[in-house]
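See below for the structure under consideration.
The values are calculated or read from the model by the stated rules, or taken from the named source; none is laboratory data. Keep in mind it's a predicted model, so treat the numbers as computed, not measured. Quick reminder, even Gly has a Cβ in these numbers, built from the backbone with ideal geometry, and neighbours come from all protein chains shown.
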Amino acid sequence: MAERAFRSGNDNDFTVRLAQTAPAFLAPRGAIVMVFSSDIDLKRALRPFEDIGFDVLVAATKQLWFEKLSILRLELQVSGVSPAAGPSVSNCISL
């Protein structure tokens with residue numbers, strides 16, 4: 001059971017549901033902050049957010065002995081509004 005939750009459920013269902021329901025709870029340009037492990041397929045986990053208009057920003061990373069952890073800010077974009085200045089892959093913080 002823990003392994004299933006760690007991998008975002010069957011068929012990525014946790015992140016799909018979160019991406020679909022989060023906009024109803026977020027203010028315009030609101031954000032979700034999540035921690036991801038390098039042990040998962042990050043592109044697959046983030047695709048549902050990107051598909052509905054979230055920008056993905058890397059806030060920090062930490063290389064551990066057995067994995068890399070990334071703190072990501074998933075920011076909901078509003079049509080016609082440019083993303084806020086913030087961390088990106090090119091200027092992420094190493095913890």
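Cβ separations smaller than 9 Å between residues 6+ apart or across chains give the following pairs from the stretch 35-46 residues that are under 12 Å from I71 (Cβ atoms) and touching a residue at least 24 places away in the same chain (Cβ under 8 Å) to residues that are outside any helix (DSSP H, G or I) and of a type in the set (S, T, N, Q): V35/S70; F36/S70; S37/S70. I'm checking my understanding of the structure. Among residues of the stretch 49-78 that are touching a strand residue (DSSP E or B) at 6+ places or on another chain (Cβ under 9 Å) and touching a residue at least 40 places away in the same chain (Cβ under 8 Å), which one is nearest to F14 (Cα to Cα)? Only one residue tops the list, namely L74.
From the list V33, V81, V89, the lone residue that is at pLDDT 95 or above and surrounded by fewer than 12 Cβ atoms within 10 Å (Cβ to Cβ) is V33.
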